[in-house]
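What follows is one structure encoded as structure tokens, with my remarks underneath.
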Amino acid sequence: MINNTLIELKKLLSNMEKDFGLNSLSELERNVLYAIKDLEKENGAAKTRHLLSHEFTANMSRISVFRSIKKLEELEKIRRKSSKRGEYIVFPN
């Protein structure tokens, strides 16, 4: 059941995403970005295998995750941690 508190939280999140310039991203791209940041916080980087099973991305198809990674790299929202494949961090502002 949806209550007023949930609606207010959704509005707040939407406004914050707009403030941070994330409103131009698709929902899938935002979920991948959030998952990368969460894994980076915990592990120093987001490894692809962990990203695919993260709670924000677990219901996404593998191809959607990889397309989102590619788009986020193009937009300079994320980058590879090093030359190693499959490790990503959020691009420093």
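The values are calculated or read from the model by the stated rules, or taken from the named source; none is laboratory data. Worth saying up front: this structure is predicted, and the values here are computed from it rather than measured. When we count neighbours, we look across all protein chains shown, and the Cβ atoms used for this are built from the backbone with ideal geometry, even at glycine. What goes into the accessible areas is simple: the full protein's heavy atoms, side chains included, and nothing from ligands, DNA or RNA. Shrake-Rupley method; radii C 1.70, N 1.55, O 1.52, S 1.80 Å.
Within segment 47-78, the set of residues being open to solvent by 90 Å² or more (accessible area, probe 1.4 Å) and of a type in the set (Lys, Arg) comprises Arg49, Arg62, Arg67, Lys70.
Filtering segment 14-27 to residues that are surrounded by fewer than 17 Cβ atoms within 10 Å (Cβ to Cβ) and within 11 Å of the chain's Cα centre (by Cα) leaves Leu22, Ser26, Glu27.
Taking the criterion of being on the phi < 0 side of the Ramachandran plot, open to solvent by less than 80 Å² (accessible area, probe 1.4 Å) and of a type outside the set (A, V, I, L, M, F, W, C), the residues of segment 28-46 that qualify are Glu29, Arg30, Asn31, Tyr34, Asp38, Glu40.
Please determine whether any residue of segment 63-82 is farther than 23 Å from Ser24 by Cα, without any contact (Cβ under 8 Å) to a residue 60 or more places away in the chain and touching a strand residue (DSSP E or B) at 6+ places or on another chain (Cβ under 9 Å). Yes, there is a match, as at least one residue in segment 63-82 is farther than 23 Å from Ser24 by Cα, without any contact (Cβ under 8 Å) to a residue 60 or more places away in the chain and touching a strand residue (DSSP E or B) at 6+ places or on another chain (Cβ under 9 Å).
No other residue among Ala35, Ala46 is closer than 21 Å to Ser14 by Cα, touching a Phe, Trp or Tyr at 6+ places or on another chain (Cβ under 8 Å) and not acidic (Asp, Glu) apart from Ala35.
How many residues are surrounded by 13 or more Cβ atoms within 10 Å (Cβ to Cβ) and either assigned to a strand (DSSP E or B) or charged (D, E, K, R) (or both) when one looks only at segment 79-91? Residues flagged as surrounded by 13 or more Cβ atoms within 10 Å (Cβ to Cβ) and either assigned to a strand (DSSP E or B) or charged (D, E, K, R) (or both) within segment 79-91 amount to 7. Only residues that are in a helix (DSSP H, G or I) and under 19 Å from Met60 (Cα atoms) were counted across segment 11-28, and they come to 2.
Looking across segment 30-61, the residues that are part of a helix (DSSP H, G or I) and of a type in the set (Gly, Ala, Ser) come down to Ala35, Ser53.
Within segment 65-86, the set of residues being under 16 Å from Glu40 (Cβ atoms) and touching a helix residue (DSSP H, G or I) at 6+ places or on another chain (Cβ under 9 Å) comprises Val65, Ser68, Ile69, Leu72, Lys77, Ile78, Arg79, Arg80, Lys81, Gly86.
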